[in-house]
1. Looking only at region 23-41, decide whether some residue is touching a residue at least 40 places away in the same chain (Cβ under 8 Å), open to solvent by 20 Å² or more (accessible area, probe 1.4 Å) and farther than 26 Å from L263 by Cβ.
2. Take the conditions buried (at least 18 other Cβ atoms within 10 Å of the Cβ), within 23 Å of L158 (Cβ to Cβ) and touching a helix residue (DSSP H, G or I) at 6+ places or on another chain (Cβ under 7 Å) and apply them to A212. Does it pass?
3. Pull up region 239-266, narrow it to residues that are surrounded by 14 or more Cβ atoms within 10 Å (Cβ to Cβ), at pLDDT 80 or above and of a type in the set (A, V, I, L, M), then point me to the one that is nearest to A10 (Cα to Cα).
4. Just name the residue that is least open to solvent (accessible area, probe 1.4 Å) out of those in region 148-165 that are farther than 18 Å from A199 by Cα and of a type outside the set (S, T, Y).
5. Among the listed residues G182, G192, which satisfies the condition of being over 15 Å from the mean Cα position of the chain (by Cα) and in a helix (DSSP H, G or I)?
6. Got a sec? Which of A10, A83 is modelled with pLDDT of 90 or more and touching a Ser or Thr at 6+ places or on another chain (Cβ under 6 Å)?
7. Which of the residues belonging to region 171-203 are of a type in the set (V, I, T) and free of Cβ contacts under 8 Å to residues at least 60 places away in the same chain?
8. Condition first: open to solvent by 50 Å² or more (accessible area, probe 1.4 Å), closer than 20 Å to V33 by Cα and outside any helix (DSSP H, G or I). Now tell me which residues in region 97-129 satisfy that.
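The values are calculated or read from the model by the stated rules, or taken from the named source; none is laboratory data. As the structure is a computational prediction, the values presented were derived from the model and not from experiment. Don't worry about glycine lacking a Cβ; one is built from the backbone with ideal geometry, like all the others, and counts go over all protein chains shown. These area figures cover heavy atoms from the full protein model, side chains too; ligands, DNA and RNA do not enter into them. Shrake-Rupley method; radii C 1.70, N 1.55, O 1.52, S 1.80 Å.
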Amino acid sequence: MLHYIGYFAAIFIGLSLGIMGGGGSILTVPVLVYLMGVSPVLSTAYSLFVVGSTSVVGASGYFRKGLVSLKTAIVFLIPSLMAVFAVRKVLMPAIPHVLFTVGSIVFTKDLLVLVAFAVLMVVAATSMIRSKQAEEVLDEELHHKHKFNYPLILTIGLVVGTLTGFVGAGGGFLIIPALVLGARLPMKLAVGTSLAIIALNSLIGFTGDLSAGTPIAWSFLLGFLAFALGGIVLGTYLARFIPGAKLKPAFGWFTLAMGTFILTKELLFHHV
């Protein structure tokens, strides 16, 4: 029964990506872990493939409309791609299964991934809840910026690449402000460029898993992806009628609740 709910959730993930241009990917790992029964570490690899593939579909639409800044994407991706590939190929396989024990909690590699992901969900949720206010601040700041801020773009690229590699999420809530403030991109151009960055980041990260010998259940993964792609196609169509900015705060509260649930479940009820 949970598997059917998981496939429905995959449609919802794609739907939110299509309507809002981001956000939905933050739910991929929890859906894979709690509904599909995939281990947390393997879920981050699967998430990279699903997020990357769905973002390719989303970015292609923006690219056709001329809403992808190739120059900005290249500058951002130089440190980001190196970071995400190194994390997936070198760092993740090197982390031991059992890290340490605190009282009755055995802090394993899987638990570390889930806790890090839940914290990221809470941060992303806060960003989405305050999205309208944040966008007004970004637009105001944009008028006071006159130079392409290379240090900011490169630094955020490194941070996002590391986060993407570790938790399997796209990091759009970090990328878009960096593109607006650092590269002076209008919001629509920033969203399209962000999707292109997320697509390449995620898929390159996934190749790190492949080269590290991570076992992949392709029939399951492609089936899950098919539902997510169906959702993003539907979401892209519905975006003509539903303003994504109005949905972001509600989606943010849902994401906050999910992140809080994961932290509570894993830290308070994760015993030996």
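1. Within region 23-41, not a single residue is touching a residue at least 40 places away in the same chain (Cβ under 8 Å), open to solvent by 20 Å² or more (accessible area, probe 1.4 Å) and farther than 26 Å from L263 by Cβ.
2. Considered against the rule, which asks whether it is buried (at least 18 other Cβ atoms within 10 Å of the Cβ), within 23 Å of L158 (Cβ to Cβ) and touching a helix residue (DSSP H, G or I) at 6+ places or on another chain (Cβ under 7 Å), A212 comes out as no.
3. That would be M258.
4. F148
5. After applying the criteria, what remains is G182.
6. Being modelled with pLDDT of 90 or more and touching a Ser or Thr at 6+ places or on another chain (Cβ under 6 Å) holds for just one of A10, A83, which is A83.
7. V180
8. H97, V98
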